[in-house]
Amino acid sequence: MMVRRPALEVIDYIRQTNFDQLAIKYVIYGRKGSGKTMTLNHIIHHCQAAGWLIVHIPTANGLNLKNKYDFIDSVSHEGMYDQPTSSTDWLKQFKLRNERFLKELKTTEKYVWNKRESTEKDQPLLSVLEQGLTRPKNATDVIGVLLKELQLQSYNKQFKMLYAIKAVNGLFAEETAFRKHGGYIIPVRELTLHMHFRNFLEGDWINGSIVTTVDYNLSYRQPKFYYTPFYLLGKKGFDHMDPFIPVFVDEYSDKEFESQIAYYQSKHWIQDEEANTEAGKLYLKKLSDMNPAELDKLVSWI
Amino acid sequence: MMGEDAENFSQEDIDRSISYLLPSGLFEKKARPMLRPPKDYYPPQKAAQFDNDGRPFSFLFYTGKPNYYNLMHEAADWLNKVIQQEDALIQRGESLDGIPQVNLARSEWIGKLALEKIVIEKLKDNEYERFINLLERILKQPFAIEAQEFIMKFRQKIEAVLSKEVIEPLQKDENGRFYSRGSARRKSSNASVILTDGGSGKITINGEEFLRTFYQLCHREDILFPLHFANMLDRFDIECTTEGGGPSGQSGAIRLAISKALRSFVDEEFVEKMRQAGLLTKDPRIKERKKPGQKRARKKFTWKKR
């Protein structure tokens with residue numbers, strides 16, 4: 001398997017980071033299909049193998065579009081909206097990844113969910129999470145509580161934490177697919193789930209790193225082929241993220257292309273006899289324009 | 001027409017004057033007004049066939065197709081003459097070597113319609129075939145050169161379109177690199193291309209990246225086809241400008257433009273190969289017009305009984 005230069009670069013930075021300081025933000029950007037997500041995944045894998053706590057948003061842009069009937073009036077924030085289904089889905093994957101940490105960490109204060117239910121002080125965070133899974137109405141608030149606890153307890157240096165977001169520009173977007181009865185389109189700023197994630201992104205915590213990508217896929221912005229962080233995040237998002245380290249993911253270099261083709265050949269993925277010759281390789285190079293995703297699409301049927 | 005020289009007023013001048021005096025926007029050119037001698041557009045008519053006594057001139061009159069059978073007789077005469085010459089040569093004991101052959105290159109037999117025009121008679125398919133077979137039999141004889149003049153009356157030249165087109169020679173830019181230009185159209189798109197030799201194979205379209213402009217595979221295949229055909233995928237730097245129409249029109253136009261520019265870099269033999277591969281032929285298909293009383297070119301309105 002090939003881990004490419006941008007991923008190695010970020011992993012190298014993370015290894016040399018002084019974790020007494022606030023978390024450093026990285027923004028990975030690049031053209032469509034150039035391997036931003038794979039870069040992010042390699043970084044997540046590295047941190048997971050090192051025993052870090054992973055807070056991962058699989059696609060922030062998708063949160064604005066998927067489950068478009070999934071909104072209720074917020075329990076805790078007036079005039080805002082909760083997303084029970086999206087929140088429980090996120091909590092499930094969060095629990096699967098980090099159950100070890102959630103059993104060890106304890107709550108620092110008492111949380112009251114409704115008249116009858118509450119979570120006492122010094123309970124494991126897992127009980128807070130279970131509250132969200134059993135009562136989907138509270139799920140979004142549970143996420144807020146979890147993130148707040150993680151932020152406060154990071155100063156105890158019991159664990160290292162990676163906050164990984166794909167398509168972070170989704171948190172700073174304006175439009176969503178959520179349409180209320182009567183035609184009112186709910187903007188991103190009125191969604192509590194996004195608010196919690198945004199607040200956590202401010203980076204008021206230590207002993208960890210924030211790695212994000214910006215992605216124009218699923219975004220409402222036109223034209224759709226500008227890929228720079230400032231364009232995709234907008235002025236507001238850029239100020240929120242600032243300061244950060246931009247990491248550019250380019251298309252394959254010649255050497256990377258060769259090794260990727262060699263990988264496909266070793267897996268017998270390229271069956272066409274002509275494609276295995278030098279001339280065929282050159283034709284693939286020109287057709288895909290050295291774009292990783294495009295090459296992957298091409299070799300899937302030859 | 002005013003102030004023209006009446007002495008030297010040619011047919012061309014007449015056509016020009018007619019199109020000026022009676023302007024017509026009709027699409028079909030045959031339907032536009034014209035002024036020509038009647039010979040040009042009335043079909044030819046047979047001359048008188050009987051004398052004053054009421055007897056036909058030709059002894060072949062009662063065959064029904066005298067002119068055709070006359071022609072067959074003439075051809076058969078030529079065949080006999082050619083065979084006689086060969087026999088005489090053999091009797092004299094001389095060799096058949098060194099007799100020049102009829103040059104049939106770049107020509108083909110005339111069609112049935114053209115033959116009908118010559119004999120002014122309706123012919124059947126098998127009659128036309130019999131005549132052509134007879135001529136071919138003459139051609140097989142060693143002394144066919146004697147009948148060349150007669151045979152060539154029934155052959156027409158194949159016009160080579162390519163030979164008329166002038167291929168521009170290579171030019172040099174300020175860096176000393178060879179380059180050539182090409183431009184073409186397809187549907188409602190037009191494209192112009194500059195091929196620069198000694199490049200890395202980079203393609204830019206209107207200054208943008210190749211992949212971004214043509215994100216569908218078929219369009220990229222279309223553009224790369226001439227280069228792939230010539231095995232020169234990584235030889236040129238290609239700079240394209242294109243406008244109008246959609247992606248498939250644009251990619252088709254770029255493909256033709258690249259093939260045209262590529263002619264300067266290859267030899268004549270390969271240009272012929274490219275032509276046979278269909279690389280140098282313009283795609284003549286255009287959008288079909290919308291018809292009144294219909295929704296689109298072919299689609300009808302929903303039919304309702306009442």
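Take the Cβ-Cβ distance between B:ALA114 and B:ARG55 as r, set R0 to 22 Å, and report the resulting FRET efficiency rounded to the nearest 0.05. Numbers along the way, then the final one.
Values: r = 32 Å, r/R0 = 1.44.
According to the calculation, E is roughly 0.10.
With a 1.4 Å probe on protein heavy atoms only, work out how much accessible surface A and B bury together, total over both chains, in Å² to the nearest 100. Please list the in-between numbers first.
Values: alone 15680 and 22160 Å², together 36510 Å².
Separately minus together, A and B give about 1300 Å² buried.
Please list, in order along region B:66-72, the HN-Hα scalar couplings obtained from phi with the Karplus expression 6.51 cos²θ - 1.76 cosθ + 1.60 (θ = phi - 60°), rounded to whole Hz, x for Gly and Pro.
x, 5, 5, 5, 4, 4, 4
Rounded to the nearest whole Å², what accessible area per residue is found for the protein assembly as shown with the 1.4 Å probe?
It amounts to 60 Å² per residue over the protein assembly as shown.
How many percent of the accessible area of the protein assembly as shown is carbon or sulfur, using a 1.4 Å probe? Don't skip to the answer; put the middle values down first.
Working: 18640 of 36510 Å².
Of all accessible area on the protein assembly as shown, carbon and sulfur atoms account for 51 percent.
After finding the eigenvalues of the alpha carbon gyration tensor for chain A, what semi-axes result from the square roots of 5 times each, listed largest first in whole Å?
Working: eigenvalues 286, 106, 65 Å².
Gyration-tensor ellipsoid for chain A: 38, 23, 18 Å.
For region A:123-225, just the Cα set please: Rg and Dmax, both in angstrom.
So, for region A:123-225, Rg and Dmax equal 16.1, 50 Å respectively.
Where does the charge balance sit around A:ALA173 when Lys and Arg score +1, Asp and Glu -1, over other residues with C-beta under 11 Å from its C-beta?
Residues near A:ALA173 contribute +1 overall.
Please compute the net charge surrounding B:ARG181, taking Lys and Arg as +1 and Asp and Glu as -1 over other residues with Cβ under 14 Å from its Cβ. Could the numbers behind the result be given before it?
Working: positive: B:LYS172, B:ARG177, B:LYS260, B:ARG263; negative: B:GLU168, B:ASP173, B:ASP197, B:ASP237, B:GLU239.
Taking every other residue near B:ARG181 into account, the sum is -1.
Taking the Cβ of B:THR63 as the center, what net charge do the other residues with Cβ under 12 Å away carry, scoring Lys and Arg +1 and Asp and Glu -1?
Around B:THR63, the surrounding residues sum to -1.
Show me A:177-188, B:131-142, B:87-98, B:183-194 ranked by packing, highest mean number of other Cβ atoms within 10 Å first. Each step should come with its number before you reach the end.
On the way: A:177-188: 12.2, B:131-142: 15.6, B:87-98: 9.1, B:183-194: 20.3.
Most protected by this proxy first, the peptides run B:183-194, B:131-142, A:177-188, B:87-98.
Suppose only helical runs count, i.e. DSSP H with n ≥ 4. What mean residue ellipticity at 222 nm does that imply for chain B under -39500 (n - 2.57) per run, divided by all residues and rounded to the nearest 500 deg cm²/dmol? Walk me through the numbers on the way to the answer.
Details: 11 runs with 117 residues, N = 306.
About -11500 deg cm²/dmol.
Take the Cα radius of gyration of region B:1-155 and divide it by 2.2 N^0.38 Å, with N its residue count; two decimals is plenty. If you can, show how the numbers build up before the last one.
On the way: Rg = 23.1 Å, N = 155, 2.2 N^0.38 = 15.0 Å.
Relative to the 2.2 N^0.38 Å estimate, region B:1-155 comes out at 1.54.
Considering only DSSP beta bridges whose two residues both sit in the protein assembly as shown, what percent are antiparallel, to the nearest 5? Before the final figure, lay out the partial values.
Values: 30 of 54 bridges.
Taking every DSSP beta bridge within the protein assembly as shown, about 55 percent pair in antiparallel fashion.
Taking 4 °C and 1.567 mPa s as the conditions, I'd like the Stokes-Einstein D for region A:22-116 in µm²/s, using the Kirkwood hydrodynamic radius from alpha carbon pairs. Before the final figure, lay out each step's value.
Values: Rh = 16.7 Å.
Value of D from the Cα-based Kirkwood radius: 78 µm²/s.
Can you list the residues of region A:259-302 that have at least 40 square angstrom less accessible area with all protein chains present than in their chain by itself, probe 1.4 Å?
Residues meeting the cut-off: A:LEU282, A:TYR283, A:LYS286, A:LEU287, A:ASP289, A:GLU294.
Given the DSSP H assignment, sum -39500 (n - 2.57) over each helix run of at least 4 residues in chain A and divide by its residue total; what's the result at 222 nm in deg cm²/dmol, nearest 500?
Details: 11 runs with 130 residues, N = 302.
Calculated mean residue ellipticity at 222 nm is -13500 deg cm²/dmol.
Any lysines with Cα under 21 Å of the B:LYS117 Cα? List them, leaving off those in the same chain fewer than 8 positions away.
Leaving aside lysines fewer than 8 places away in the same chain, those within reach of B:LYS117 are B:LYS30, B:LYS39, B:LYS46, B:LYS65, B:LYS153, B:LYS157.
Could you give the distance between the Cα centres of region B:141-220 and region A:55-79, to the whole Å?
58 Å
Residue farthest toward the positive end of the dipole of chain A, with Cβ of Lys/Arg at +1 and Asp/Glu at -1: which of A:ILE11, A:THR108, A:LEU284?
A:THR108
Suppose we keep just the alpha-carbon trace of chain B; what are its Rg and Dmax in angstrom?
In Å, with Rg to one decimal and Dmax whole: 29.7, 93.
Whole number please: convex hull volume per residue of the Cα set in the protein assembly as shown, in Å³? Walk me through the intermediate numbers first.
Working: hull volume 225.9 nm³, N = 608.
Enclosed volume per residue, from the Cα hull, is 372 Å³.
The values are calculated or read from the model by the stated rules, or taken from the named source; none is laboratory data. None of the values given here were measured: they were computed from a predicted structure. Please note: Cβ atoms are built from the backbone with ideal geometry, for glycine as well, and neighbour counts cover all protein chains shown. Surface accessibility is based on the protein's heavy atoms, side chains included, excluding ligands, DNA and RNA. Shrake-Rupley method; radii C 1.70, N 1.55, O 1.52, S 1.80 Å.
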